[in-house]
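Enquirer: Attaching a single structure in structure tokens format; questions to follow.
The values are calculated or read from the model by the stated rules, or taken from the named source; none is laboratory data. It should be emphasised that the depicted structure is a prediction, and the values quoted were computed from it without experimental measurement. Virtual Cβ from ideal backbone geometry, glycine too; neighbours counted across all protein chains shown. Areas reflect the complete protein model, heavy atoms only, side chains present, ligands, DNA and RNA absent. Shrake-Rupley method; radii C 1.70, N 1.55, O 1.52, S 1.80 Å.
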Amino acid sequence: MRTDVKGISRRGLLTAGMAGGVLLAFRLPLGAQTAERAPDESPDQFAPNAFIRIDGEGRTTLVMPQVEMGQGVYTSIAMILAEELDADFRRVAVEHAPPDERLYANPLLGVQATGNSNSIRAFWTPLRKAGATARAMLVQAAAERWQVDPAGCTTFEGVVTHAASGRTATYAELAGAARDQPAPADAPLKDPRDFTLIGTSAKRLDTPDKVDGRVVYGIDVRLDGMKVATLAQCPVFGGRVAAVDDSAAMQVPGVRQVVVLDDLVAVVGDHMWAAKQGLEALDVTWDEGPHADLSSADIWTDLRAASETDGVVARSTGDIATGLGTGELVEAAYEMPFLAHAAMEPLNCTVRLTPDSCEIWIGTQVASRVQASVAETLGIPDGKVTVINHYIGGGFGRRLEPDMAVAAVRIAQKVAAPLKVIWTREEDTRHDVYRPVYRDKIAATLSGGSIAAWKYRVAGAAVLARWLPPAFQNGIDIDAVDSAVDMPYDIPNVHVEYVRAEPPAVPTGFWRGVGPNNNVFAIECFIDELARKAGTDPVAFRRRMLEKSPRMLGVLDLAAGKAGWGDALPPRVGRGIALQPTFDTSIATVVEAEVDGDGEIQLRRVTAAVDTGIAVNPDTIVAQIEGGLIFGLTAALFGEITIERGRVQQSNFNDYRMLRINETPRIDVHLVRSGEFPGGIGECGVIGGPPALRNAIYAATGVALRRLPIDRSLIAGGTRS
Amino acid sequence: MAISLNINGSRRSVEAGDDVPLLWVLRDVLGMTGTKFGCGIAQCGACTVHIDGSPVRSCLLPVGAIGDKAVTTIEGISETPEGARVQKAWLDLEVVQCGYCQSGQIMSAAALLAVTPDPDDDDIDAAMSGNICRCGTYVRIRAAIKQAASDGRA
């Protein structure tokens, strides 16, 4: 009998949240978003809800509740609204939503945040309703004007047509009249078969400004009289400023001021170069505090010990004790390093203070958290803080934190001018909020060539407990065990535990792909080890456990077929496969890689098959998978943040390596056509590459790697088994 | 001290020390923010501009060393035939994701095509491996450069 804790999986929890279950405490009033009219701006403007404005000049503006950080959401969300509104998509404008939890909170998170691959999943239904409601009001206005039955009116590309009388009116002409129409409670949604925009690879709305330098990211903001600052926090986590000698720094041309706070120093200049040179010239003595001796070795010793202790049960199916007592027992432990986000746009925030208010220019995944954090810092009401959100030059979870805004405001409080604060790359790397270290232990028994029992313990930090406390219940971080609980394989006895193990001093946060990065790596590596024990091909071994998961089976077969699974390969070349049931999207990834005698790895080819249900913009989905694969493979090949003497040892792209174009293989992404509810995508591409690569190396060398990043010394000179 | 620069075909006079890198003169003095700061140590290529047509990392280029040489930035690259073709290919193939590195990618690609009108994969690797894209758009960058090259032959 399956005895899952109710709502324990991400999917379960989110479903419960939508139904008013587990997340009741912070469930948002969905009605407000789609039913409440925006404030009047002009008498001929039609603004039926928080997302749509149509003015008398014919401009249709769609307000984006989710932020654009490369994932294409401004286009796909606009497509959903425009589809049901029947707007002319080529002429819509989009703008960033202001901070407003009531109007713009993400229905699946309960807070105004962009992440967790849930923009489309969360807003699919509310935005379709918002568009359909607005369309119905425009039709009512036209029908009233023409004294005809609204049912005889049709809409297309911003025009209402009454075919019987041959009359037409544009949405612009109808805007003034539409605002006086009652909003229908239940405007009909289109049959998906009638979609003309959703399902097409519409051109992205943000691309033109991004190819000619016009786009403005937070770091590009310029204000009259603005100064530029850069900062240094204590290199040791938790340390403080002891003493500062600013005499040399103040001699640097263009330096205007040195700001010393209890935990950081900043140099203010006419431009970033002056600030940066000034910071280098600043003589700071740090009080390194209690963590001055902290090292990665200590953190790993503690985590390994914690992972040997019993955890909180996150799932228990069947009888694990009996299951583990039958057949051949196999055990392994997998380890994942700290990772930095390393978005291309270094952290930054621009601040203009008045005595009782504050304006913030920033690119953030959490506009309302920035607003609230700044308001708290300044001791003023939230409403006195204006947050102007921007396109983000890479988020990946780093901009789910408001720390950069708080630091900028604290510095700006000491400066009598508008201030842009920019992190150097080194500061960005050394004061990130890192993907936690994890250690996953799995024990399984093989009986008759099949898995009889599976006991899986995840140990690592509970990011969710800090970031969204109401979602951390019964000691279980549902993100950390997400894919452990939602494993696709049909195994009779399954037991999943979670051990919360917080590393001292090192701040941890969400990193693109989040918990499933860790779970899927451990699961898919171990499945390959079991397949080898069973003497079975890895694809065949997986197939027989997927009879109840047709979508997973579909992508497995598609990816294997497209990748030429089973075709002969040269020596020291291998193919590896990984499956993932993540964010309501099923993906199979095949990596083909070569390992040379020194253990260096050449990626030869990557093939992914993706079933995400309805594909709002198929080309964007393919792009997200392509890029996510690069992101994940970068981490597998190079990514590790290490700590010595309380300090992060990496600093910039010279010692925190990124995959480059000359190391990038051919990538083929195959989408499954589907009418199922749309799944998440942005996180997904990251997850499958690392285990598929590891399994390719396993096939090429026979070496079962159990830790990332890949240690070349373990596979140098190995032979294909 | 006033320094005279030839940027995108226009003569600009800027108040800056000789040692200030071109990147910060462009961004913070002239307000030309299309050129991006990524690393400050010529590792990522986000700040790539052309000096007399050659790709250069502006984060390490002292403004005093430029003299009369022509500076071309992303704001002016559409004026060159290679730049215009690269921008069109970038749009056609939807290369861009977050976009932050793309000014530098486009500048490197345009410089490649000016010298090597029909690049093969090795040429592309050699010209583009100094430009990091954290969103991982490399597959499309490669395809777009080939399309831009093909458009140049048409």
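Enquirer: Conditions first: (1) over 22 Å from A:Arg399 (Cβ atoms); (2) within 14 Å of chain B (Cβ to nearest Cβ); (3) within 28 Å of the chain's Cα centre (by Cα). A:Asp220 passes all but one, so which condition is the exception?
Expert: Among (1) over 22 Å from A:Arg399 (Cβ atoms); (2) within 14 Å of chain B (Cβ to nearest Cβ); (3) within 28 Å of the chain's Cα centre (by Cα), A:Asp220 violates only (1).
Enquirer: Hey, does segment A:454-466 have a residue that's closer than 17 Å to A:Cys525 by Cα, in a loop (DSSP other than H, G, I, E, B) and of a type in the set (A, V, I, L, M, F, W, C)?
Expert: no
Enquirer: Can you name the residue in segment A:675-721 that is hydroxyl-bearing (Ser, Thr, Tyr) and out of contact with any strand residue (DSSP E or B) (no Cβ under 6 Å at 6 or more places or on another chain) and is also least open to solvent (accessible area, probe 1.4 Å) among such residues? It would help to see each step written out before you state the result.
Expert: To start, the set of residues in segment A:675-721 that are hydroxyl-bearing (Ser, Thr, Tyr) comprises A:698, A:701, A:713, A:719, A:721.
Filter once more, keeping what is out of contact with any strand residue (DSSP E or B) (no Cβ under 6 Å at 6 or more places or on another chain): A:698, A:713, A:719, A:721.
Values: A:Tyr698: 17, A:Ser713: 88, A:Thr719: 98, A:Ser721: 102 Å².
The residue in question is A:Tyr698.
Enquirer: Could you pull out the residue among B:Leu23, B:Leu5, B:Leu30 that is touching a Phe, Trp or Tyr at 6+ places or on another chain (Cβ under 7 Å) and aliphatic (A, V, I, L, M)? Spell out the reasoning first.
Expert: Numbers: B:Leu5 fails: touching a Phe, Trp or Tyr at 6+ places or on another chain (Cβ under 7 Å); B:Leu30 fails: touching a Phe, Trp or Tyr at 6+ places or on another chain (Cβ under 7 Å).
Sole residue among the options that is touching a Phe, Trp or Tyr at 6+ places or on another chain (Cβ under 7 Å) and aliphatic (A, V, I, L, M): B:Leu23.
Enquirer: Filter segment A:206-233 down to the residues that are under 12 Å from B:Gly31 (Cβ atoms) and of a type in the set (D, E, K, R) and list them by number. Can you show your working first?
Expert: Filtering segment A:206-233 down to residues under 12 Å from B:Gly31 (Cβ atoms) leaves A:213, A:216, A:220-224, A:226.
Within segment A:206-233, A:Asp220, A:Arg222, A:Asp224 qualify.
Enquirer: In this structure, does A:Arg425 turn out to be closer than 27 Å to B:Cys47 by Cα, buried (at least 23 other Cβ atoms within 10 Å of the Cβ), charged (D, E, K, R) and in contact (Cβ under 8 Å) with a residue 40 or more places away in the chain?
Expert: Working: closer than 27 Å to B:Cys47 by Cα: yes; buried (at least 23 other Cβ atoms within 10 Å of the Cβ): yes; charged (D, E, K, R): yes; in contact (Cβ under 8 Å) with a residue 40 or more places away in the chain: yes.
Judged against the criteria, A:Arg425 is a match.
Okay, residues lined up against (1) assigned to a strand (DSSP E or B); (2) open to solvent by 20 Å² or more (accessible area, probe 1.4 Å):
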| position | (1), (2) |
| --- | --- |
| A:Ile523 | no, no |
| A:Asp528 | no, no |
| A:Ala560 | no, no |
| A:Asp567 | no, yes |
| A:Pro570 | no, yes |
| A:Gln580 | yes, no |
| A:Ala588 | yes, no |
| A:Leu603 | yes, no |
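Quick grid of which residues meet (1) in the same structural domain as A:Pro504 (by TED's automatic domain parsing); (2) more than 27 Å from the chain's Cα centre (by Cα):
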| position | (1), (2) |
| --- | --- |
| A:Tyr391 | no, no |
| A:Gly394 | no, no |
| A:Arg399 | no, no |
| A:Met404 | no, no |
| A:Val409 | no, no |
| A:Lys414 | no, yes |
| A:Gly448 | yes, yes |
| A:Ala462 | yes, no |
| A:Pro469 | yes, no |
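Enquirer: A follow-up question, please. Taking segment B:28-47, which residues are more than 7 Å from every other protein chain (Cβ to nearest Cβ) and farther than 16 Å from A:Glu345 by Cβ?
Expert: Taking segment B:28-47 first, the residues more than 7 Å from every other protein chain (Cβ to nearest Cβ) are B:30, B:32, B:35-36, B:42, B:45, B:47.
Within segment B:28-47, B:Leu30, B:Met32, B:Ala42 meet the criteria.
Enquirer: So, in segment B:98-123, how many residues would count as being more than 7 Å from chain A (Cβ to nearest Cβ), assigned to a helix (DSSP H, G or I) and not small (Gly, Ala, Ser)? Steps first, please.
Expert: Within segment B:98-123, the subset more than 7 Å from chain A (Cβ to nearest Cβ) is B:104-105, B:107-123.
So of that shortlist, the ones also assigned to a helix (DSSP H, G or I) come out as B:104-105, B:107-115, B:121-123.
Then drop every residue that is not not small (Gly, Ala, Ser), which leaves B:105, B:107, B:112-113, B:115, B:121-123.
Number satisfying all stated conditions: 8.
Rundown of residues vs (1) closer than 20 Å to A:Trp511 by Cα; (2) facing chain B (nearest Cβ under 8 Å); (3) touching a residue at least 60 places away in the same chain (Cβ under 8 Å); (4) among the β-branched types (Val, Ile, Thr), yes/no style:
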{"position": "A:Leu603", "(1), (2), (3), (4)": "no, no, yes, no"}
{"position": "A:Ile630", "(1), (2), (3), (4)": "yes, yes, no, yes"}
{"position": "A:Glu644", "(1), (2), (3), (4)": "no, no, yes, no"}
{"position": "A:Gln650", "(1), (2), (3), (4)": "yes, no, yes, no"}
{"position": "A:Thr664", "(1), (2), (3), (4)": "no, yes, yes, yes"}
{"position": "A:Arg673", "(1), (2), (3), (4)": "no, no, no, no"}
{"position": "A:Phe677", "(1), (2), (3), (4)": "no, no, yes, no"}
{"position": "A:Ile681", "(1), (2), (3), (4)": "yes, no, yes, yes"}
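Enquirer: When segment A:643-674 is examined, which residues are found to be surrounded by fewer than 22 Cβ atoms within 10 Å (Cβ to Cβ) and not in a loop (DSSP other than H, G, I, E, B)?
Expert: Across segment A:643-674, the qualifying residues are A:Glu644, A:Arg647, A:Asn662, A:Glu663, A:Arg666, A:Asp668, A:His670, A:Leu671.
Enquirer: Another question about this same structure. Counting just the residues of segment A:172-209 that are within 14 Å of chain B (Cβ to nearest Cβ) and in contact with a strand residue (DSSP E or B) (Cβ under 8 Å, 6 or more places away or on another chain), which one comes out surrounded by the fewest Cβ atoms within 10 Å (Cβ to Cβ)? Outline the logic, then answer.
Expert: The first filter runs over segment A:172-209 and keeps only residues within 14 Å of chain B (Cβ to nearest Cβ), leaving A:200-209.
In the following step, the residues that additionally are in contact with a strand residue (DSSP E or B) (Cβ under 8 Å, 6 or more places away or on another chain) were identified as A:205-206.
Numbers: A:Leu205: 22, A:Asp206: 20.
Result: A:Asp206.
Enquirer: Can you tell me which of B:Val25, B:Val56, B:Val14, B:Val63 is more than 10 Å from chain A (Cβ to nearest Cβ), open to solvent by less than 10 Å² (accessible area, probe 1.4 Å) and either touching a strand residue (DSSP E or B) at 6+ places or on another chain (Cβ under 9 Å) or on the phi > 0 side of the Ramachandran plot (or both)? Give the derivation first.
Expert: Working: B:Val25 fails: more than 10 Å from chain A (Cβ to nearest Cβ); B:Val56 fails: open to solvent by less than 10 Å² (accessible area, probe 1.4 Å); B:Val63 fails: more than 10 Å from chain A (Cβ to nearest Cβ).
Step by step, each of B:Val25, B:Val56, B:Val14, B:Val63 is checked, and only B:Val14 is more than 10 Å from chain A (Cβ to nearest Cβ), open to solvent by less than 10 Å² (accessible area, probe 1.4 Å) and either touching a strand residue (DSSP E or B) at 6+ places or on another chain (Cβ under 9 Å) or on the phi > 0 side of the Ramachandran plot (or both).
Enquirer: Hey, another quick one. For segment A:124-158, name all the residues that are surrounded by fewer than 19 Cβ atoms within 10 Å (Cβ to Cβ) and within 19 Å of A:Arg90 (Cβ to Cβ).
Expert: Answer for segment A:124-158, where residues must be surrounded by fewer than 19 Cβ atoms within 10 Å (Cβ to Cβ) and within 19 Å of A:Arg90 (Cβ to Cβ): A:Thr155, A:Phe156, A:Glu157.
Enquirer: Quickly run through segment A:313-329 and pick out the residues that are part of a strand (DSSP E or B) and either at pLDDT below 95 or open to solvent by 10 Å² or more (accessible area, probe 1.4 Å) (or both).
Expert: Of the residues in segment A:313-329, the ones part of a strand (DSSP E or B) are A:313-317, A:328-329.
Within segment A:313-329, A:Val313, A:Arg315, A:Ser316, A:Thr317, A:Glu328, A:Leu329 qualify.
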